[in-house]
Each structure stands twice: as C-alpha cells, then as structure tokens.
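The values are calculated or read from the model by the stated rules, or taken from the named source; none is laboratory data. Since the structure is predicted, the reported quantities are computational estimates derived from the model, not experimental observations. Glycine also receives a Cβ, built like all others from the backbone with ideal geometry; neighbour counts cover every protein chain displayed.
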Amino acid sequence: MRPSIKNLFFVLLSTLSFLACTEAKEVKAPLFIDPNYHGSCDPEIVWNKNTEKYYIYYTSRRSQIQDNFVRTPIGVISSSDLVDWEFEGYCAFDGKDNKKDADATYWAPAIIAHNDTLHMFVTWKPDTTAIKNPWGGSPGQIIHYKTPASEPLNAWQKVGVMHDTTMNTIDATVYELNGEFHLWFKGKKTGMKKNELYHKASTDLIHWEDRGFSKSDVFNKSASGYGFEEAPYIFQWQDKHWLITDPHDGLIVYSSNDGTYWDYQNVILKEGGKRPLDTSMARHCSVIVKDKRAFILYHVEPWRLYKDDYPKGEYIPIFKQPIKNRLSALQMAELEYNNGTITCNRNKLIQLK
C-alpha cells in the first residue's frame, strides 16, 4: 500500500523537527560577563544531576572599584547545553550575602557533587575593606560549605575550615578517585619560605587526612621554569589525570598516571586569540568532559597590562591600572589530545548539540 500524501507530510514534518532539535549550536565568545561589576573570574564548572543543568561558580570581582579586591561574592550561571547561559545571582552563605557586595571576601570556588549534595571549598577572608592592600590583609582560609543539589544558590551552610591558623591558603581543587575525595590547595605555613601544593584526602567529605604537599613537578621552578603558580585544577580525561595551574603566563599543564605525582608537560593559552574579548592570556581555569570531549573554562582580562607589556622598572600593578584594564570575561575553548599531550586552539569554533 502506498503511503498517502498526508502521511508523507507528517513523516517529513517529524524529520525536520528532529533535525532542528539535533542541530549543533555554536558556543559564544565571550561565554559570560558578570552583569554588575563586569569582573567574572576563576570559573568552576559542575554538572548538577538534580536540576539537570551545568553550573559555573565564579569569583565576581568588583572590578569597577579602584584599589579593591575584597567583598567579592561567588556568582552563578547555569545552562542545560553548555551553550546558552543564564545568570542565577550570587551564593548565599549561612543565610547571608546573595548580593553583589558580599559581607566577607570569597574567591575561587572548588565544587564537587556527591549524593544529592553540592560541596564547595572556597577561599575566604573576613576582610571587607582594603586597608593593608587591595587583596585584604588577613590570611586566606579554605572553607568547606555544602548545599542540597536542589538549592544550588541560596542554601550554602558552613561545614568547617580545612586547616589550622598557621596556614595562609588560596585556590582549592577537589575531585573523587577510587572512593576517596582529594583536596589540593596552595598554601604556606607560618615561617616557611615558599608556597606549596597541599593535599588532603577523605572518604566522606567530613574527616580529612593530611597527605602532605606535592613533591613532584608542581610548584617546582627547576621543572617548569616558573617561580610562581596558583589556581591548581585537577581533572580526568583520556585515561590520565591532569593538573593545570596559572603562572600568569598562560596555563601550565601537568599529567599523572595515579593522580598523585605530577609531570610537567607544556604551557597552553599563553598567546591571545582572535575571538571577542579573548585577546589576552588565559587565567584560572576548570574543565568539563562531555561525550569524551574536554572543554576548558577560563577568564580573560582583555585590556590588562602585564609586566612584559611595560619597559623595565615601569610596571603598574593591576589595582593601579585604569578601570577598563580590570574588567574580565569568561571564555570556553576545546582541549585536544595528541600523543599524550594536551593542546588548545582557542580560535577554533565549538559546536555542541
């Protein structure tokens, strides 16, 4: 029996609808700019299976206030497809904040989802005024907060502090491996000459065991050539563990077979790209793996001048530069894996379904 014209019409209509739903969408550049102070930094991306959305938590620098990097809240954006992002607002901690000028200083959130709960390990300072310096005078602490996955914005409650008062810390990263949770962060104990990459482990996200600090290539100038690193981020991809740090000169990539000892690999995203507001080195990143593809999120300060941009002896620190130089945007690029090494072409078009 031949199909009727009417049946053919409905088959064609269904086919067109299916193709429309599966049509690839282009990732925009920039991905996002904070709507208030335009200071989006330090992105941390996580998949929330409860809401079936991706969330990016970021430091919302108050970039349009001169000489001041305190009172920064943690901003939140969400997406169901990694392409279209919606601004959700700012995190409320212990029933406070949830506004563009926080009641304390929060930086660089590390997020992990576990058993319908989101856990955040965030750099915290009590400072609300930049009296001693623009970054606040008090030591940084890594604070553990948690919230039901169904409440990704307004219900963060303090669990505890991740170290004692002998340490000044910043920039945590957290991941799960073989039934254990691993927390790494940059820190320096009182009396020590240099910062180290500290490591803690837990089976329940409550009781933590000190694993000392990394004795591998990370924070090791003789291995990488860099005397300064911050913002460690660890993820798994291509059957390996990867650690990326920010030396303010592109992003350093390390690899590991066991997630403990890290070997220096290379530097990525040092040179600016051609996309809008992606014209300077990438800073402080996180990575999401989707359908075996890895996408790196990072912030860019397109107009910031770094030391190499000044003749010797004339460097002006960022907090003394014009307001425009302090603005930042979030970007996304795709990582590529070739012969055991990660590379990234930030100009490459990204399409997702």
If you scan region 112-133, which residues turn out to be surrounded by 17 or more Cβ atoms within 10 Å (Cβ to Cβ) and either part of a loop (DSSP other than H, G, I, E, B) or touching a helix residue (DSSP H, G or I) at 6+ places or on another chain (Cβ under 7 Å) (or both)?
-> 127, 130
Give just the number: which of (1) farther than 27 Å from residue 302 by Cα; (2) part of a strand (DSSP E or B); (3) not aliphatic (A, V, I, L, M) does residue 78 not satisfy?
-> (1)
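Can you tell me how many residues in region 88-112 are among the hydrophobic types (A, V, I, L, M, F, W, C) and out of contact with any strand residue (DSSP E or B) (no Cβ under 6 Å at 6 or more places or on another chain)? Spell out how you get there, then give the answer.
Here is the first cut: in region 88-112, the ones among the hydrophobic types (A, V, I, L, M, F, W, C) are 91-93, 102, 104, 107-108, 110-112.
Next, only the ones that are out of contact with any strand residue (DSSP E or B) (no Cβ under 6 Å at 6 or more places or on another chain) stay: 92, 102, 104.
Summing the residues that are among the hydrophobic types (A, V, I, L, M, F, W, C) and out of contact with any strand residue (DSSP E or B) (no Cβ under 6 Å at 6 or more places or on another chain) in region 88-112 gives 3.
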Apart from one, (1) in a strand (DSSP E or B); (2) at pLDDT below 95; (3) among the acidic types (Asp, Glu) all hold for residue 258; the odd one out is (1)
Which residue pairs have Cβ atoms under 6 Å apart, sit 6 or more places apart or on different chains, and have a first residue in region 83-96 that is closer than 18 Å to residue 156 by Cβ and a second that is surrounded by 14 or more Cβ atoms within 10 Å (Cβ to Cβ) and of a type in the set (Ser, Thr, Tyr)?
-> 88/78
Quick one: residue 157 ticks every box in (1) under 23 Å from residue 57 (Cβ atoms); (2) in a loop (DSSP other than H, G, I, E, B); (3) of a type outside the set (Gly, Ala, Ser) bar one, so which box is it?
-> (2)
For the subset of region 84-116 comprising residues that are under 17 Å from the mean Cα position of the chain (by Cα) and among the aliphatic types (A, V, I, L, M), which member is farthest from residue 323 (Cα to Cα)?
-> 113
Residues of region 34-60 being acidic (Asp, Glu) and not in a strand (DSSP E or B), which ones?
-> 34, 52
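Within region 188-237, which residues are part of a strand (DSSP E or B), among the small types (Gly, Ala, Ser) and in contact (Cβ under 8 Å) with a residue 40 or more places away in the chain? If you could, list the steps in order and put the result at the bottom.
Of the residues in region 188-237, the ones part of a strand (DSSP E or B) are 188-189, 196-202, 209-213, 230-237.
Pick out the ones that are also among the small types (Gly, Ala, Ser) and you get 201-202, 212, 231.
Within region 188-237, just 231 meets the criteria.
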Which condition does residue 315 not pass, out of (1) farther than 20 Å from residue 39 by Cβ; (2) surrounded by fewer than 17 Cβ atoms within 10 Å (Cβ to Cβ); (3) modelled with pLDDT of 95 or more, if it passes all the others?
-> (3)
